[in-house]
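> Below you'll find the structure I mean.
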Amino acid sequence: MSILTAFLAVWKKTSPLACLYGIGLLIIASDRLAHALNITGALLWVYCLSMLAEHAGSRIFPRRGKKALLVVLASFVTSFYLLLHWIISPLGALPTFFAISLVPMLYVSSGILERIGKKSLGEKFLESVSEALLLGVLIIILALIREPVGYMSLSLPGGVQGIVLLFSFDPESSVAVRLISSSSGALLILGYCYGLYRHYKAKKTQGGRQ
């Protein structure tokens, strides 16, 4: 249950607004493993470069309107990532464009800048990497469930079509199984995992009181 604990730890650090962005990104980005890997790269890119830019300009940024300026800065960093991705693999960038566009808002709304504001550059970098990587790993784990079950395949970024299939079977599965590949299926998986976490947590708490 350590993965579920880590998942909930992310949302304990964030605001409700960031939680909406984070859950939306988690659902949209985890339909295929190839998309999940691309968006994990975007998370690391935006969190690290935006943090470095904010650290370098923290002394000259105005206090009034600073958050709006940080949104613009993170959006610029994200657009540069999208540009590079579009040049390298246009068909790979197209299906992930909307999900990647959510990353700067998640970065600013997550409250990470407030948490690392007075820390050293090394500590800021490590915390930015760890938070981006944690969400990225959760997206990848969910993708490893949804794509093989829903699409009967597993993919990686690359190739002429933007993704390379490691394997692909004839998708003649029931509607109930293919539902896992949809957004509602992702919500069902998350709800099931959360229910398991609450069950084991309650069981552990009752065992500790006895």
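> Does residue 50 fit the bill of being out of contact with any helix residue (DSSP H, G or I) (no Cβ under 7 Å at 6 or more places or on another chain), hydroxyl-bearing (Ser, Thr, Tyr) and over 30 Å from residue 166 (Cα atoms)?
Working: out of contact with any helix residue (DSSP H, G or I) (no Cβ under 7 Å at 6 or more places or on another chain): no; hydroxyl-bearing (Ser, Thr, Tyr): yes; over 30 Å from residue 166 (Cα atoms): yes.
No; evaluated as a whole, the condition is false for this residue.
> Among 23, 39, which is modelled with pLDDT of 85 or more and under 17 Å from residue 102 (Cβ atoms)?
Numbers: 23 fails: modelled with pLDDT of 85 or more.
On inspection, the qualifying residue turns out to be 39.
> Pairs only if they're at least six apart or on different chains, beta carbon under 9 angstrom, first in the range 99-116 and at positive phi, second among the polar types (S, T, N, Q); list them, first residue then second.
111/14; 111/15
> Could you please tell me which pairs satisfy a Cβ distance under 9 Å, a separation of 6+ or placement on different chains, a first residue in the range 54-65 that is touching a residue at least 40 places away in the same chain (Cβ under 8 Å), and a second residue that is of a type in the set (Gly, Ala, Ser) and surrounded by 12 or more Cβ atoms within 10 Å (Cβ to Cβ)?
Taking only residues 6 or more apart or on different chains, the pairs are 54/74.
> Which numbered condition in (1) surrounded by 14 or more Cβ atoms within 10 Å (Cβ to Cβ); (2) at pLDDT 75 or above is the only one that residue 173 fails?
Checking residue 173 against (1) surrounded by 14 or more Cβ atoms within 10 Å (Cβ to Cβ); (2) at pLDDT 75 or above, the one that fails is (2).
> Across the range 156-170, what is the total count of residues that are surrounded by fewer than 17 Cβ atoms within 10 Å (Cβ to Cβ) and either among the aliphatic types (A, V, I, L, M) or under 30 Å from residue 52 (Cβ atoms) (or both)? Steps first, answer last, please.
As a first pass, look at the range 156-170 and keep what is surrounded by fewer than 17 Cβ atoms within 10 Å (Cβ to Cβ): 156, 158-161, 164-170.
Adding the requirement that they be either among the aliphatic types (A, V, I, L, M) or under 30 Å from residue 52 (Cβ atoms) (or both) leaves 156, 158, 160, 164-166.
Number of matching residues: 6.
> For the range 50-155, which fully contained helices (runs of 4 or more DSSP H) count at least 1 residues that are surrounded by fewer than 18 Cβ atoms within 10 Å (Cβ to Cβ)?
Numbers: elements: 66-88, 90-93, 97-101, 103-109, 112-115, 121-146.
By residue number, 66-88, 90-93, 97-101, 112-115, 121-146.
> Further question on the same structure: Pick out the one residue from 108, 77, 71 that is modelled with pLDDT under 85, in contact with a Pro (Cβ under 8 Å, 6 or more places away or on another chain) and farther than 19 Å from residue 162 by Cα.
On the way: 108 fails: in contact with a Pro (Cβ under 8 Å, 6 or more places away or on another chain); 77 fails: modelled with pLDDT under 85.
Sole residue among the options that is modelled with pLDDT under 85, in contact with a Pro (Cβ under 8 Å, 6 or more places away or on another chain) and farther than 19 Å from residue 162 by Cα: 71.
The values are calculated or read from the model by the stated rules, or taken from the named source; none is laboratory data. The structure displayed is predicted, hence computed values, not measured ones. Neighbour counts are summed over all protein chains in view; Cβ atoms, including those assigned to glycine, are modelled from backbone coordinates with ideal geometry.
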